Amino acid sequence: MKKLFSSTLILCILFAQVSPILSVDELYNLSSYYSPQLVTVEKERKFCFFALRTKSEDIGDLQYLSRGIPSILLTEVRKLGYVYDENLVYDVVRHTMGNPKDPSNTKEKQGLDNNLSNKRVLDGGGLNASLQRKLEYKQEELDAILSNKKKELPSKDPRYIPLTVEYERDKALAIESEDVYRYGLKKNCSYGLTGEFSKTSSGSIVVNLELTNLLNGKVTKYTHSTSIERSLQEMLPLADKIKKTLIQKQLAYISIQTNPISGALVFVDGNYIGKTPLEKTSLPFGRHEILITHKDYQEYKSELELLPEQSKSISVDLISNQRSAFISVSSEPSGADVYLGVEKIGQTPLAKVSVPAGKNRLRIAKEEFIDHYQGIDLAIAETGKFKVTLKPGKSEAYYLNKDYVFLDYTHKDFMVYSVWGALLFYAGNIYFQLQANKLRDSLRPEIQINSLAQAQALFSQNNNLAVATILYEEIRIREVKSQIRDYNRIAGNIGFGRTRSQARGGLMLYGAAFMVATGLTFYFLGLDQETLDIGFDPGIGTVTPNQYSEAKGHIHYNFRF
């Protein structure tokens, strides 16, 4: 009977656990959904640079090239922004689910297309609005791109993989080529550049580099010779060789000039490559997106296609950026001067005067009247209308400027800074007191002789050991007390707490007291006749029967802060 009951109980528990699983398909209606095969490609690859080894013993003052040459190469490689690799690394593969021929799945299939929002950003070191790249592709779309049936821009081609660079110049190590795996894998590098340079008898520099692909183990070697005088300036050909290896495609060259100004920022495929005029900059051949931007001109966007080894020059006429707004100002009385910031733009009434868009300060001034100040924030092409009634008086008396102690910093600012300084010094006081307490607590386990009985017992066992122990403990006690005194001199003591010793000054307490005094000084300096309002109200002017006159005094603190 017990066995039958146990078996029945086990079956009931299993059924309770399994039944929700059996209803998952019905609950979520999985049979009515369709999902094509989706592939998520790698997000980026990292290129790690290492300092160069020195082959010659008579390098002398050329040791700076060990770290200088990788810095120049890094700058050029960073402009590339991406590598090109036919052998993609798939992070995630989601296989097909559902029946694509079922008409009821059409809605879900369309909805899935709209959900492919996973993006990656090319690292170009420049533009916030850099090109967004998909990480997730349908298998059919990916096959079409890889077979070149569908030609896409680098921003939409997964074979163009964003490239980041890493080089800690001050901590760079000059490692052997066989050690690149050990150091590269620690930093999660996909590529590692090592090498050496030497000085020849003719006075030139020979650079030998090894570029190791840590993904497939392939090592590419380069040799470059240059003069000592222009050793860093003549590294561009070597950088082009490295680019060709990374991009696995032939290079083309582009020159860009902008009119009527130079100095515009140039981005190719979302990667910053320099400022105009741009001279013969190498790019992989094929289609590219170009963005040229300047703060005073409209953005220029274009696409171009470069052929292998082609040199192409582009001249772009930038269009001035219209960033103007308009204001109309009237005043009572009229004839007041109108200033935008510190620039006078006319007298009231003003009708639709062109001004720069954005935030600014409007000042309306007229003799014998108080200046009127007003902040404005106008959008491009917006017209702001302002009507002002000026008050008679003197601006010098109405706007007291003595509150500004230094530049735009007021008494309040310095008062707040002083309070923070006082808190910082008090935190220092607490810190040094804690350090003193830690030293005191750490000493106690070291002291073995705490009473006369313990000393007598130790002397009875071994006189020499007892003397040595007492001397050692005395030395340790004096060392720790000396350190504690140093901490206490810095911290000071406010007269209560763990030690309950007499109050005494210290660097931290003196600093805190000084900052408190400074804060109070700036506080009272910030008070003036407008801040402190003392008045007397005699009450009702005319006394009538059954009413009483009540005099009132008042003190108002109208903080100008």
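Working only within segment 153-169, note down all residues that are free of Cβ contacts under 8 Å to residues at least 40 places away in the same chain and surrounded by fewer than 15 Cβ atoms within 10 Å (Cβ to Cβ).
The answer is E168, and nothing else.
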Among the candidates V342, V316, residue that is out of contact with any Leu (no Cβ under 8 Å at 6 or more places or on another chain) and exposed (fewer than 11 other Cβ atoms within 10 Å of the Cβ): V342
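Restricting attention to strands (runs of 3 or more DSSP E) lying wholly within segment 358-416, give those where 2 or more residues are among the basic types (K, R) and modelled with pLDDT of 75 or more. It would help to see each step written out before you state the result.
Numbers: elements: 358-365, 372-378, 383-389, 404-406.
Passing ranges, in order: 358-365, 383-389.
Can you pull out the residues in segment 207-233 that are out of contact with any helix residue (DSSP H, G or I) (no Cβ under 8 Å at 6 or more places or on another chain) and surrounded by fewer than 16 Cβ atoms within 10 Å (Cβ to Cβ)?
Here is the first cut: in segment 207-233, the residues out of contact with any helix residue (DSSP H, G or I) (no Cβ under 8 Å at 6 or more places or on another chain) are 208, 213, 215-218, 221, 223, 225, 229-230, 233.
Selection gives L215, N216, G217, K218, K221, T223, S225, E229, R230, Q233.
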Filter result (within 29 Å of the chain's Cα centre (by Cα), outside any loop (DSSP other than H, G, I, E, B) and of a type outside the set (A, V, I, L, M)) within segment 254-280: F267, N271, Y272, G274, K275
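Specify which of the listed residues (L443, L434) is out of contact with any strand residue (DSSP E or B) (no Cβ under 8 Å at 6 or more places or on another chain), at pLDDT 80 or above and among the hydrophobic types (A, V, I, L, M, F, W, C). Lay out the reasoning, then the answer.
Values: L443 fails: at pLDDT 80 or above.
Criteria check complete, one pass: L434.
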Total residues in segment 490-500, condition modelled with pLDDT of 85 or more and either of a type outside the set (V, I, T) or not assigned by TED's automatic domain parsing to the domain that holds F432 (or both): 1
Among the residues listed as K275, K280, K243, the single one being crowded, with 17+ Cβ neighbours inside 10 Å and of a type in the set (D, E, K, R): K243
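The values are calculated or read from the model by the stated rules, or taken from the named source; none is laboratory data. Everything quoted here is computed from the prediction, not taken from an experiment. Note that we place each Cβ from the backbone using ideal geometry, even for glycine, and neighbour counts take in every protein chain shown.
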